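The values are calculated or read from the model by the stated rules, or taken from the named source; none is laboratory data. The structure displayed is predicted, hence computed values, not measured ones. Reconstructed Cβ throughout: ideal geometry from the backbone, glycine too, with neighbour counts over all protein chains shown. Protein only, heavy atoms only, side chains kept; ligands, DNA and RNA dropped before computing areas. Shrake-Rupley method; radii C 1.70, N 1.55, O 1.52, S 1.80 Å.
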Amino acid sequence: MDKTISGPGAEAGGFYVRAQGGHPAANHDTPHAEELTLGDVFRFAISALPFMVAGAVVFGLIALMMLTFQRAGLPSMSAYRTALLVTMNSNQPGKYPNGSDFAYTDLRSPVVLDEVFRTNKLSDYNISLAGFSDMVTVEPYSPSYDSLAERFRARLENKTLTFEERKGIEDEFRREIEADRARGILVTFSASESTKLPEVLAQKIVNDIPAKWASVFINQLGVTNLPVPVSGEDIVDTKLVAELDYPLAYDYLVNQSLLVKSQLEAIRALPGSISFVAKANGKGVVDLQRELESIDQFRLKLGLKPIVDQGLTREPAVTSLIYLNLINSLEKDASEQAALSQRTSSVINEFRSNKDAGQGGITTSASGAQFDGAFVDKIVELSKQGAGLEFEQDLLRKKLEYEIANVNFSDRKGRLVERLNSINQGTLVGDVRANIEKKFLAGIARSTDDLNRLWADSVQFMNDLNEKRLNFDKSLYKLTDLPEKMRVEKPSLVTTYTLIVAAAALLAGLVAGLFAYGWRQAAGSRYLD
């Protein structure tokens, strides 16, 4: 006879067994206790919810306390920024109008920061000059980066571009960004809350830095002033020309024309000189250079040089003596340069040999046979320091300089020898000589007058250009707009770091609450058993 025994909770799945003949028997239809459904997990989580909330609260409070202590231990910094564009008129990048070097770090040079420090009385806020210097940073800034990036991004989206075309566009973008960064400067002043600087004063300081830089560099250092012109005296001494023999007078004029050429090249390098014209004659620097070229090519080289090369001279004996002395001097100079070049080659070869042999360079005894004095010491020192390729390249440059100087001396010597031979031959005589001499003297006189006039024009041109610059509204920069979020950056309680810490604390609290509830249930089951 089968008999079913049921107890409390049988309907709820607590237990049920089937017995036969009053004896309990195993029930092969009983569900497995290990089987869990999604509903079971959901009910378990609902039951554990109070524990999970409590865990999240506890862990959240712990994280809040940790962040509070951490923030209390660190100074709260506020960053104030301004951006500017360099607008100074200069023909060369990285140069002030007067030609001196410019660097964006000039904005935080000691003389500028000292001026800002004093005028804003920062010592009243217990800030030292050194501390203030640490608060200021200056860096390149690209004001047009977003627009440039968008423009080049649109070009790069073209799917038909080849690899070379894409590389060319990327290189162009890089160059434009670098050029844009060369004009833009970002100035940042970071002040700690402990200094208790008023916000108005902090914003004034960050704007004062470029303003003081411009004021100091313009008014004290004169970076917008043009170089002082050279003397307005005649470049060619008329009396000296009259005293010199004909070939020496010609050489003198050639040398002075080179000085005029250097003067005009220096003027042309000045900002604004290309488009400027002198008030007196309406000539520009290009006009003056063209005139000098005409004098040099057609008056001196084609007009007077052939006559000198034919041996025209007023005092052959004296001039021959002078030329012989010059030839001997040039021979000595050329020989010296050739010897230096040869010695340098020997040092280079020995340096290479020792370096390949693992000896690190030349030795003192070996170099002493080639050079003397300080140069030996320098070579040995560089060799011991393992200067390597740089040291070898420096020697090669020296060798090239010696060889070029040798060629120049030899060339000058050759021309003097030819002229001396012409003088000694004395082929110019009689009426031919008289006519050539007359033409030569007229050419010398005219060239003298033209060079002196051209020199005076160049000096006047520079004076007029200086006057224009002195009357011009001088400026080195202009402020540019910054995005609102960049102008002032205040310390914020809510940062990416704090959000990550808070999220991790809440998650850890929920998991801890869940485990606490599970442990409590397991402990309760063991107690009932």
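Could you grab me the full set of residues in segment 218-245 that are modelled with pLDDT of 90 or more and either surrounded by 22 or more Cβ atoms within 10 Å (Cβ to Cβ) or over 30 Å from residue 441 (Cβ atoms) (or both)?
The answer is 235, 236.
Could you check how many residues of segment 269-288 are part of a helix (DSSP H, G or I), of a type outside the set (A, V, I, L, M, F, W, C) and within 11 Å of residue 462 (Cβ to Cβ)?
Qualifying residue count for the region: 0.
Take the residues of segment 321-345 that are of a type in the set (S, T, N, Q) and surrounded by fewer than 16 Cβ atoms within 10 Å (Cβ to Cβ): which is nearest to residue 399 (Cα to Cα)?
342
Of these, 19, 12, 72, which one is in a strand (DSSP E or B) and at pLDDT below 80?
19
Considering only segment 104-119, I want to know if a residue exists there that is at pLDDT below 80 and either in a strand (DSSP E or B) or more than 30 Å from residue 521 (Cβ to Cβ) (or both).
No; the residues of segment 104-119 include none that is at pLDDT below 80 and either in a strand (DSSP E or B) or more than 30 Å from residue 521 (Cβ to Cβ) (or both).
Looking only at segment 412-433, filter to residues that are farther than 19 Å from residue 301 by Cβ and among the charged types (D, E, K, R); which one of those is most open to solvent (accessible area, probe 1.4 Å)?
The extreme case among them is 431.
In this structure, is residue 154 touching a residue at least 12 places away in the same chain (Cβ under 8 Å) and either out of contact with any helix residue (DSSP H, G or I) (no Cβ under 8 Å at 6 or more places or on another chain) or loosely packed, with under 12 Cβ neighbours inside 10 Å (or both)?
No; evaluated as a whole, the condition is false for this residue.
Could you please give the count of residues in segment 185-213 that are surrounded by fewer than 20 Cβ atoms within 10 Å (Cβ to Cβ), more than 18 Å from residue 123 (Cβ to Cβ), touching a residue at least 60 places away in the same chain (Cβ under 8 Å) and out of contact with any helix residue (DSSP H, G or I) (no Cβ under 8 Å at 6 or more places or on another chain)?
Summing the residues that are surrounded by fewer than 20 Cβ atoms within 10 Å (Cβ to Cβ), more than 18 Å from residue 123 (Cβ to Cβ), touching a residue at least 60 places away in the same chain (Cβ under 8 Å) and out of contact with any helix residue (DSSP H, G or I) (no Cβ under 8 Å at 6 or more places or on another chain) in segment 185-213 gives 4.
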